[in-house]
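Sharing a structure here in structure tokens format.
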């Protein structure tokens with residue numbers, strides 16, 4: 001009877017152990033350094049790119065473009081617990097600080113957090129500040145938000161939960177912090193890897209369901225529509241017979257990403273193709289922030305060599 | 001080991017939500033007949049979208065704690081929107097033209113403006129969203145604010161007529177034949193800004 005029960009439980013235990021082994025591989029913190037520096041660069045550029053429009057985008061009605069009340073009302077309708085710039089402004093008001101000053105301080109805080117992340121100084125507090133201020137801005141922006149913002153929020157969300165600091169950071173040099181648990185480092189890299197697989201699979205599948213990706217017309221339309229029209233249509237139309245091939249290739253590249261990115265033989269090819277696709281999106285459509293955040297996520301998830309062997313893991317860090 | 005179990009459980013819940021959000025968006029596209037799938041799939045897609053929405057707590061009351069918790073988490077993690085960018089097809093761009101009527105009878109044309117390219121991308125995102133049916137209730141309020149942002153630079157303007165529409169670009173063959181984009185107005189609003197000022 002006891003033997004029978006063991007036999008029945010074994011496959012479940014095996015599956016669970018396989019799942020845990022997949023979730024918690026041994027990993028060095030090199031990928032985390034790439035992730036931190038990349039996200040730091042992204043946050044810094046985000047703040048610099050929006051420098052001249054920051055107040056205009058997020059000011060109250062009558063002073064800004066559309067006023068942040070509308071975006072905040074839509075966000076509050078979803079849930080009143082989602083952070084927004086109004087929270088910071090209410091706190092500022094209690095200290096008799098004007099709305100304009102609070103918005104400027106939020107921008108400065110975001111820029112400083114980005115620079116701190118780049119250097120690896122106060123890494124976790126910087127990641128938390130960057131996540132919070134960026135989330136406030138994204139939620140108050142409401143209808144002004146686009147894909148790059150969502151990926152930035154996700155990247156910052158994961159970064160602040162990751163086992164920071166890495167040993168390339170100033171934190172490590174200054175405070176001589178201990179090496180982090182390689183299983184924890186492996187877990188957070190897995191989260192990033194699995195997330196990207198879902199992103200590309202869903203994106204590729206949805207594109208394949210549109211007729212315009214089969215005949216190249218979607219590529220044409222996306223490259224000539226303002227404000228993405230950096231390439232002249234006269235030049236683009238010369239490649240009219242290449243566009244259908246490129247359109248189908250993009251769909252297949254994205255949809256098969258969750259398979260071929262895991263295979264050692266095809267990983268490099270898929271990674272290079274995906275990075276090239278994002279670089280092209282950035283350069284040809286002017287979606288610089290979107291391209292950069294996707295390149296950073298891919299490099300951190302699959303660009304850094306992995307995984308390390310048990311023997312290479314820092315001593316005393318193996319979880320028994 | 002306990003920490004590992006907690007992390008594994010979080011992993012499961014987190015990616016369950018990512019899948020639910022992504023597939024809710026995908027099923028919505030199918031149900032709206034935006035894809036190449038036959039119309040026989042519409043009903044199934046609509047039901048599947050409801051299931052995905054139920055998983056996200058969207059079928060619960062607005063103040064339901066489960067719904068609020070899930071919504072807050074989705075926004076905090078940046079996973080509240082699916083990943084169907086430029087899919088299944090690239091939508092037409094949209095344009096908002098503001099016709100400025102001056103007191104002396106002059107008429108000028110303007111568009112809402114921002115300084116940097118990063119902000120310009122956001123403004124275009126806003127205009128594309130205004131065309132969506134789900135944002136119909138806020139359309140007038142947004143257009144009014146955009147018109148007001150232009151009026152601040154032209155305070156002598158008496159009235160603004162805001163015309164919003166879709167821009168149909170030519171396809172590759174039409175472009176080779178010399179055809180250009182066609183502007184199709186969708187709606188327009190008149191704002192009397194002297195009244196606005198008095199308010």
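What follows draws every value from the coordinates through simple rules; no lab data is involved. For clarity, every value in this text was computed on a predicted model and none was experimentally measured. No Cβ is skipped: glycine too gets one built from the backbone with ideal geometry, and neighbour counts run over all protein chains shown.
Mind checking the angle between helix B:117-130 and chain B's longest principal axis? C-alpha axes, 0 to 90 degrees, to the nearest 10.
Tilt relative to chain B: about 80 degrees.
Continuing with the same structure: Please check: in the Gaussian network model of chain A (C-alpha springs, under 10 Å), which one of A:168, A:158, A:241 has the largest mean-square fluctuation.
For chain A, modelled as a Gaussian network with Cα springs under 10 Å, the answer is A:241.
Using a 7 Å offset from the Cα along the Cα-to-Cβ direction at both residue A:22 and residue A:168, what is the distance between the two label points in nm, to one decimal?
2.9
Rounded if a/c is under 1.5, else prolate if a/b is larger than b/c, else oblate: which is the range A:51-203, with a ≥ b ≥ c the root eigenvalues of its Cα gyration tensor?
Cα axes put the range A:51-203 in the oblate bin.
Now for a different question. Taking the number of other C-beta atoms within 10 Å as the exposure measure, put B:44, A:46, A:288 in order starting with the fewest.
B:44, A:288, A:46
Let me ask something else about it. One quarter of the convex hull surface, Cα atoms only: what value does that give for chain B in nm²?
Over every viewing direction, the Cα hull of chain B projects on average to 17.8 nm².
Between helix B:136-151 and chain B, what is the angle of the helix's C-alpha long axis to the longest principal axis, kept within 0 to 90° and rounded to the nearest 10?
Value to nearest ten degrees: 40.
Taking only Cα atoms and a 10 Å spring cutoff, compute GNM fluctuations for chain A and point out the largest among A:206, A:138, A:59.
So, out of A:206, A:138, A:59, the one fluctuating most is A:206.
So what is Rg over Rh here for the range A:193-309, counting just Cα atoms and using Kirkwood for Rh?
1.00
May I ask for the angle, rounded to the nearest 10°, between helix B:42-55 and the longest principal axis of chain B, with both axes built from Cα atoms and the value confined to 0 to 90°?
That helix lies at roughly 70 degrees to the long axis.
Hey, got the average number of other protein chain Cβ atoms within 10 angstrom for residues in B:170-177?
Counting other chains' Cβ atoms within 10 Å and averaging over B:170-177 gives 5.
Let me ask you something else. Determine the relative contact order of chain B: mean sequence separation of Cα pairs under 8 Å and six or more apart, normalised by residue count, in whole percent.
Taking the mean separation of contacting Cα pairs over the length of chain B, I get 17 percent.
Then there is this: Go ahead and set up a Gaussian network model of chain A, Cα springs under 10 Å, then flag whichever of A:39, A:133, A:272 fluctuates most.
Comparing A:39, A:133, A:272 in a Gaussian network model of chain A, the most mobile one is A:272.
Would you mind pulling out the separation of the Cα centroids of the range A:108-134 and the range A:138-178, in Å?
So the two Cα centres are separated by 7 Å.
Using only alpha carbons, build the gyration tensor for the range A:1-98 and give me the equivalent ellipsoid semi-axes, biggest first, whole Å.
Over the Cα atoms of the range A:1-98, the semi-axes work out to 50, 22, 12 Å.
By what distance, in whole Å, do the Cα atoms of the protein assembly as shown stretch along each of the three principal axes, largest value first?
Here the Cα extents, ordered largest to smallest, are 93, 60, 47 Å.
Another one. Can you tell me the relative contact order of the range A:27-180? Whole percent, Cα pairs under 8 Å, sequence separation 6 or more.
Across the range A:27-180, relative contact order equals 31 percent.
Follow-up question, since we're still on this one. Per residue of A:199-205, how many C-beta atoms from partner chains lie within 10 Å of its own C-beta, taken as a mean?
5
Within 10 Å of each Cβ of B:8-14, how many other protein chain Cβ atoms are there on average?
The per-residue average across the peptide is 3.
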